[in-house]
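Have a look at the structure below before the remarks.
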Amino acid sequence: MASIESVTLDVADTTAAQRFYSAAFGLDTQLRLRASQEPSTGFRGFTLALTVSQPADVNSFIDTAIEAGAASLKPATKSLWGYGGVVQAPDGAIWKVATSAKKDTGPATRQIDEMVLLLGVADMSATKRFYVGQGLAVSKSFGPVYCEFESGSGPFKLALYRHRALAKDVGVPPEGTGSHRLVIGGGAGAFTDLDGFAWEAEAPAPRAHSV
């Protein structure tokens, strides 16, 4: 089964970006950064999401991200599905932090339960078929709205969302030009998908075996 093994963001300053992600979310080895000056304007067509266990953790991550230099796109608030907020990192990447819980069960632990890369797509049915053809296995699918794939050994799970709906969800206009400034590594090989997202070949991390 193919899956995401790595996510690389193109940034202007890798040192500054690494400092931000460490301070904001405690991410060090989970996210790769690559120096690039490729032009990009507006919505880049993807978001990165952190799923946590309770609102206190959402607030903690949103607060440290803003303190580290992120811009608030959507303040953390309750909704029908739970509690969450959205920020934009100094490098331009958009991050959503959310939980399905509406009440705290204790103090914030800053533990991340799941990390998801959401790609905004123009044609859900066609893109889902494309990724299944690349060897990814669907774990959840809600018609033309949302699709999620089985996670592998890498830190991020892959999900698809309609482009305009994803932009609306994170509070930005759907228009954008230039590079996605994103490279996805995985066992499916090197290719570019129907919406221009680039993949590079990367073998799954070896699993530990008990003796």
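Coordinate-derived values only; no laboratory data. If you're wondering where the values come from, they're calculated on a predicted model, not measured in any experiment. Cβ sites come from the backbone with ideal geometry, for glycine too, and all protein chains shown count toward neighbours.
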**Fill in**
Here the residues within segment 72-126 that are over 21 Å from Phe197 (Cα atoms), under 17 Å from the mean Cα position of the chain (by Cα) and part of a strand (DSSP E or B) are Ser72, Leu73, Lys74, Gly84, Gly85, Val86, Val87, Val97, Ala98, Thr99, Glu114
**Request:** Output yes when any residue across segment 26-33 is surrounded by 13 or more Cβ atoms within 10 Å (Cβ to Cβ) and over 25 Å from Val183 (Cα atoms), and no when none is.
**Result:** no
**Item:** Residue among Ala198, Ala122, Ala167 that is under 29 Å from Pro39 (Cα atoms) and touching a Pro at 6+ places or on another chain (Cβ under 8 Å)
**Value:** Ala167
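Would you be able to say whether some residue in segment 166-174 is free of Cβ contacts under 8 Å to residues at least 40 places away in the same chain, surrounded by 19 or more Cβ atoms within 10 Å (Cβ to Cβ) and touching a strand residue (DSSP E or B) at 6+ places or on another chain (Cβ under 6 Å)? Reasoning before the result, please.
Of segment 166-174, the ones free of Cβ contacts under 8 Å to residues at least 40 places away in the same chain are 168.
Subsequent filtering for residues that are surrounded by 19 or more Cβ atoms within 10 Å (Cβ to Cβ) retains none.
Among the residues of segment 166-174, not one is free of Cβ contacts under 8 Å to residues at least 40 places away in the same chain, surrounded by 19 or more Cβ atoms within 10 Å (Cβ to Cβ) and touching a strand residue (DSSP E or B) at 6+ places or on another chain (Cβ under 6 Å), which makes the answer no.
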**Prompt:** closer than 29 Å to Glu175 by Cα and either among the small types (Gly, Ala, Ser) or touching a Ser or Thr at 6+ places or on another chain (Cβ under 6 Å) (or both): does that describe Gly106?
**Reply:** no
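In the set Thr109, Thr77, which member is farther than 26 Å from Ser151 by Cβ, surrounded by fewer than 16 Cβ atoms within 10 Å (Cβ to Cβ) and out of contact with any Cys (no Cβ under 7 Å at 6 or more places or on another chain)?
The unique qualifying residue is Thr77.
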